[in-house]
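Below is one structure, written out as C-alpha cells; the observations come after it.
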Amino acid sequence: MKPYVICHMVASLDGRILHSRWRPQTRDGGTLFERLHERLGGDAWLIGRVTGQEFAKASAYPAHAERIYPREPWLVRRKAPAFGIVLDAHGKIAWGRADIGGDPIVTVLGTQVTDAHLEGLRRDGVSYFFAGERTVDLRAMLEFLNRELGIKRLLLEGGGHVNGAFLRAGLIDEISLALCPAVDGAQGAPSVFDSSAAESEQRAPLTALQLASSEVLEGGAVWLRYRLQNAAAG
C-alpha cells in the first residue's frame, strides 16, 4: 500500500517554478509555498537530488570507508511529525546535518552507492534505504515509506523531472497548484512537470482530473486542487 501523494507546487502563470525569473519580481512564491504546505498537512515531503543539494551543509564525504556496509535499510527514527524524503540514487549529497527544519532526513538510494557514502550518512545520523540499483523504483519506495515509517500522506515537492517521473508512473493522487500573478516567459526555465529527452514521448496514464477546490488568495494568486484518476497498473 502506498501513501496518498499530493504534488504541491507554486508556479507562474506559464507554469514555471524558478521564482527568481518571474516578472514582476516577487518574494511571495516561497512564503506562499510554505503556508500552503502547512495547510496540506503531510506526514512527509519528498524532493529530488538537485533540490536536496540546496539544503546540504557538507561539500563531500571521505573517499574511503572503514568497513563494508550491508545494502539494507538504516533508519535512525521511525516516528516523527514529518519526514523529509530525498531521492539520491547515486549517493551524491553529503548532508552535514540530520534534519531539515526539524524534519528527519530519509534518503532513498540505489544499491550501487559506495560504502564511504553510507558511512557518511551514518555519521550524520541520516536514515537511508534502497529502492533499486541505479534508479529508484518509485512504487516500491512509496510502499516502503508506508509500511516502515507509517507515512499515509506525502507531499511531492520535487523539481519538474521528479514530479514528471511520478506523473508518468501514475503515482500522483492529487495536484495542489498555486498560480501566482507573474510570468517567466522565456525558454529553459524549470516547470511543474518535465522529462528528459528520452522520456518526452512517454505519456502519463491519466484518465481524468477532477477539480476538488479553488481559492483566490491574497495578492491575486489562485490555489487549485485537482484529484487525479490513473489507469490501473499492469
Cβ-Cβ FRET estimate between residue 59 and residue 79, R0 fixed at 30 Å, reported to 0.05: 0.45
List the residues of the range 150-167 whose backbone N lies under 19 Å from a point placed 7 Å from the Cα of residue 227 along the Cα-to-Cβ direction. 152-156
Over the chain, the sum of -39500 (n - 2.57) across DSSP H runs of at least four, divided by residue number and rounded to 500 deg cm²/dmol, gives at 222 nm -6000 deg cm²/dmol
Might you report the magnitude of the Cβ-based charge dipole of the chain about its Cα centre, with Lys and Arg at +1 and Asp and Glu at -1, to the nearest 20 debye? 240 debye
Name the trypsin sites (Lys or Arg not before Pro) in the range 126-194 that are in a loop by DSSP and that have at most 12 other C-beta atoms within 10 Å, would you? 134
How far apart, in nm, are the 7 Å Cα→Cβ label points at residue 202 and residue 4? 2.7 nm
Using the Cα centre as the reference, give the magnitude of the dipole from point charges on the C-beta atoms of the range 44-151 (Lys, Arg: +1; Asp, Glu: -1; all else neutral), rounded to the nearest 20 debye. 120 debye
So which residue, out of 100, 85, 175, gets the largest mean-square fluctuation from a GNM of the chain using Cα contacts under 10 Å as springs? 100
Once the piece of chain linking residue 103 and residue 51 is laid out straight, how much longer is it, given 0.36 nm per residue of separation minus the C-alpha distance between them? 17.2 nm
If each of residue 216 and residue 20 carries a label point 7 Å out from its Cα toward its Cβ, how far apart are those two points in nm? 3.4 nm
Could you tell me the center-to-center distance, by alpha carbons, between the range 124-146 and the range 68-105 in angstrom? 10 Å
Name the most mobile residue of 222, 108, 86, meaning the one with the largest mean-square fluctuation, in a Gaussian network model of the chain with Cα contacts below 10 Å. 222
If you average the sequence gap of Cα pairs under 8 Å that are 6 or more apart and divide by the length of the range 1-125, what percent do you get for the contact order? 24 percent
Apply the Debye scattering formula to the range 44-151, with a single equal point scatterer on each alpha-carbon and no solvent, then give log10 I(q)/I(0) at q = 0.14 Å⁻¹. -0.47
What's the center-to-center distance, using Cα atoms, between the range 1-61 and the range 164-198 in Å? 12 Å
In the range 1-67, which trypsin sites (Lys or Arg not before Pro) fall in coil by DSSP and have 16 or fewer other Cβ atoms within 10 Å? 27, 57, 67
Output for the range 1-95: GluC sites (Glu not before Pro) sitting in coil per DSSP, at most 14 other Cβ within 10 Å, listed by number, reads 54, 66
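Computed from the coordinates by the stated procedures, all read-outs in this text should not be read as laboratory data. Fair warning: this is a prediction, and the values are worked out from it, not measured in the lab. Don't worry about glycine lacking a Cβ; one is built from the backbone with ideal geometry, like all the others, and counts go over all protein chains shown.
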